[in-house]
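The values are calculated or read from the model by the stated rules, or taken from the named source; none is laboratory data. It should be emphasised that the depicted structure is a prediction, and the values quoted were computed from it without experimental measurement. Quick reminder, even Gly has a Cβ in these numbers, built from the backbone with ideal geometry, and neighbours come from all protein chains shown. These area figures cover heavy atoms from the full protein model, side chains too; ligands, DNA and RNA do not enter into them. Shrake-Rupley method; radii C 1.70, N 1.55, O 1.52, S 1.80 Å.
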Amino acid sequence: MTQLLLPNTQLQSTLLEQKESTRTDFCVRLALTRCCIFSTTTTTMPTDTKRVRGPEVTQSPSLFLCKPAAAPPSHGPRADGRQRDQVDVRPVFVRCGLVSQAKGSAYIEAGNTKLMCCVYGPRETERKDETDMKFGRLTTDMRFAPFSCSERGSWIQGSQDKDLSLMLHESLQPAVCLHKYPRSQIEINVMVLENSGSVLAHAVTCASLALADAGIEMYDLVLGCSICQDGASYVVDPSYMEENSCGSLSSENQGGLTVAFLPSLNQISGMQSDGEMTEETLTAGVRTCIEGCYKLYPVIQQALAKAVRRAAPPPSES
């Protein structure tokens, strides 16, 4: 019996060895296949386009901080090259009709001061008392964008915005023919995009342009100009640093003046003054502001003429 079972035992052991070798080969092949699949998926994996990768080399944020601006010179030429004690206004860029949703709009840029104004209406007024039945109402809203100043502000209208809105209203109301719009309301919204000085004066000019672009009947355009008195000398169309330097010092003939002027009628519709100035200095400052308004008048007329040509229908071929 032992001799007969011996071949079967050898055969069984041989079969077991073949199975183990086959199983080992299958496991090796399976592992290699998985490695190939994993390597293929890792190389062809799509990149994440929504993730912003940081720079390879970084620098300290303190390197990009703005240096504190130096105080403007009290004598000689100004920081931007303009002269003192002269009617030297900044170059002005004006454009009308930029906002299609508004009835009229205007954009003005004087140096680094940038403002946008939109006019809506005339529309039916909400308050219907006896005064509104005979004359229209003019509402003004002037705000500073949060990024307009060196220190970030808020969208909520502050006390400064309310004061400037009131001054803007007092300067524009005498020039608008409100008796032509009974039971109506005209809304003026001014947004200061960048504050680099003389904001109120340029807001008056920009709002007047927007009213004319909207087709609102007016007696005349309203132009604004401001000066800053510094002792015996003055600067016309002051910058933001010049306004702050004039307001920080306390001496005689120290302050600021803004005049709203109707050039065709030769009348003053509004005036705002702060500081301490003598009567002679204030009178001379008003005359200087009027001269500055006359310098701006041709630029404003040219901008309005371009806007009218742009809005006019093309001439008929017949």
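For ASN244 and ASN112, compute 0.36 nm times the residue count separating them, minus their Cα-Cα distance, and round to one decimal in nm. Don't skip to the end; give the middle numbers.
Details: separation 132, 0.36 × 132 = 47.52 nm, distance 1.60 nm.
Contour length minus Cα-Cα distance gives 45.9 nm.
What distance in nm lies between label points placed 7 Å from Cα along the C-beta direction at GLU151 and SER100?
4.0 nm
Please compute the net charge surrounding ALA214, taking Lys and Arg as +1 and Asp and Glu as -1 over other residues with Cβ under 11 Å from its Cβ.
Net local charge, ALA214 excluded: -2.
What nm distance separates the two modelled labels at THR283 and LEU166, each placed 7 Å from Cα along Cα→Cβ?
2.9 nm
Determine the per residue accessible area of region 92-311 with all protein chains present and a 1.4 angstrom probe, expressed in square angstrom.
About 48 Å² of surface per residue is accessible.
Excluding TYR107 itself, calculate the net charge of residues whose Cβ lies under 11 Å from the Cβ of TYR107, where each Lys or Arg counts +1 and each Asp or Glu counts -1.
0
Note down the nm distance, to one decimal, between modelled labels 7 Å out along Cα→Cβ at MET133 and at GLN86.
Once both label points are built, they end up 5.9 nm from each other.
Between GLU276 and ASP220, what is 0.36 nm times their sequence separation minus the Cα-Cα distance? Round to one decimal in nm.
Contour length minus the Cα-Cα distance gives 17.0 nm.
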